[in-house]
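First up is the structure itself, then whatever we jot down about it.
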Amino acid sequence: MSARPPVGDPVAWHRAENLNYDADHDLWMDFTAGGRSAVLDLGCGVGRVALPLAAAGRQVVGIDSDPDFVAEFNRQAGDGPTVAFVGDVLELDDPGGPLGRETFDRIIAPQNLVQIVGEGPERLRLFEGIRNRLAPGGRVAITFIEELPVDSMEIPPQPEVFEAGGWTWSSLSVSLEAEPGSITLHRLRQRIDPGGEILTSEAETRFTRVSAVAIEAGLLAAGLGPAEIRDMPVSADYIDSVLATCSLPATGAE
């Protein structure tokens with residue numbers, strides 16, 4: 001029987017497929033500067049964005065639906081003020097949820113979260129929850145991919161790898177399946193134990209199609225200010241994303 005891996009597969013795959021991207025760290029540092037309260041990180045995962053912010057002196061509250069990610073986030077964060085909770089980003093309005101009635105000066109939604117939560121109604125629900133979690137004068141920043149491919153395609157092999165304790169998790173993006181309203185990324189995963197035994201599986205992530213115009217319209221419909229749209233830092237290994245930032249009026253008015 002093989003030895004037990006040092007981390008669970010959900011955490012290892014998340015690390016392999018996400019943590020190599022750090023081109024946006026300076027952007028999040030700049031955006032969260034000057035806040036008077038903790039930063040709320042939506043879909044925080046194991047802390048790709050939040051933990052560098054915490055290391056720079058920010059207090060960060062993360063929320064993610066995956067309990068394995070949250071447990072790993074909190075293990076790495078230690079006993080400081082930065083903490084993550086298990087929760088649904090579409091239920092931000094719930095005062096009985098893990099965030100209680102807390103509001104935030106800065107809210108961030110990295111990793112193109114708005115395209116993973118669902119279609120237009122789900123995005124609007126997310127934006128309305130963000131609005132109700134922002135303190136007056138607070139700001140939100142979200143990322144999304146506007147130029148998703150219109151055709152299905154094979155992807156040139158470029159494995160993403162995480163190694164720990166003699167174990168290797170290798171994730172290979174193999175294809176994009178295009179549909180009118182979305183695109184699905186298919187991955188081939190291989191976990192290799194210290195003895196060389198390989199366990200193969202498949203995974204997929206669906207991204208809904210969205211435009212900058214639709215994002216800004218949704219933010220305005222939720223009662224947030226006009227959005228500023230700009231390109232994210234470019235990385236050769238990831239599809240180019242767009243950043244939208246906007247504010248809640250200082251009076252808290254609609």
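The values are calculated or read from the model by the stated rules, or taken from the named source; none is laboratory data. All values derive from a computational prediction rather than experimental measurement. No Cβ is skipped: glycine too gets one built from the backbone with ideal geometry, and neighbour counts run over all protein chains shown. In case anyone asks, the SASA skips ligands and DNA or RNA and just uses the protein heavy atoms, side chains included. Shrake-Rupley method; radii C 1.70, N 1.55, O 1.52, S 1.80 Å.
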Among Ile145, Ile229, Thr200, pick out the residue whose Cα is farthest towards the positive end of the charge dipole of the stretch 138-254, where Lys and Arg carry +1 and Asp and Glu carry -1 on C-beta, about the Cα centre. Ile229
So which GluC sites (Glu not before Pro) in the stretch 109-191 pass both tests, a DSSP loop state and at most 16 other Cβ atoms within 10 Å of the Cβ? Glu119, Glu147
Note to self, the chain gives a 222 nm [θ] from helices alone (DSSP H runs n ≥ 4, -39500 (n - 2.57) apiece, / all residues, nearest 500) of -7000 deg cm²/dmol
Applying 1/(1 + (r/R0)^6) with R0 = 25 Å to the Cβ-Cβ distance of Gln158 and Ile198, what FRET efficiency is obtained, to the nearest 0.05? 0.85
Taking the dipole of the chain about the Cα centre (Lys, Arg +1; Asp, Glu -1; charges at Cβ), the one of Thr184, Ala84, Ser171 that reaches farthest to the positive side is Ala84
Please give me, ordered by residue number, the trypsin sites (Lys or Arg not before Pro) of the stretch 68-136 that lie in loop per DSSP and have at most 14 other Cβ atoms within 10 Å. Arg101
Which one of Gly43, Leu53, Pro10 is farthest out on the positive end of the charge dipole of the stretch 1-136, using unit charges on Cβ (Lys, Arg +1; Asp, Glu -1) and the Cα centre as origin? Leu53
Filter the trypsin sites (Lys or Arg not before Pro) in the stretch 18-64 down to the DSSP loop ones having no more than 12 other Cβ atoms within 10 Å, then list what survives. Arg36
Of the residues Ala23, Ala50, Ala77, which exhibits the maximal mean-square fluctuation in a Gaussian network model of the chain defined by a 10 Å Cα contact cut-off? Ala23
Calculated P(r) of the stretch 175-214 - Cα pairs past 15 Å, %: 57 percent
Taking only protein heavy atoms into account and a 1.4 Å probe, give the accessible area per residue of the stretch 173-213 in Å². 55 Å²
Shape category assigned to the stretch 67-185 from the gyration tensor of Cα positions, a/c cut at 1.5: oblate
Of Ile107, Ile192, Ile63, which is the most mobile in a GNM of the chain whose springs link Cα atoms less than 10 angstrom apart? Ile192
Net charge dipole size for the chain [Lys, Arg +1 and Asp, Glu -1 on Cβ; Debye, nearest 20]: 700 debye
Quick one: if you stick a label point 7 Å off each Cα along the C-beta vector at Ala55 and Arg75, how many nm between them? 1.8 nm
For the stretch 1-91, give the percent of accessible area contributed by carbon and sulfur heavy atoms, probe 1.4 Å, rounded to a whole number. 49 percent
Can you work out the FRET efficiency for the pair Arg206 and Asp94, with r the C-beta to C-beta distance and R0 = 30 Å, to the nearest 0.05? 0.75
Once you have all Cα-Cα distances for the stretch 134-254, histogram them in 10 Å bins from zero and send the whole-percent values. 12, 29, 26, 20, 11, 2, 0
Semi-axes, largest first, in whole Å: what does sqrt of 5 times each Cα gyration tensor eigenvalue give for the chain? 31, 23, 15
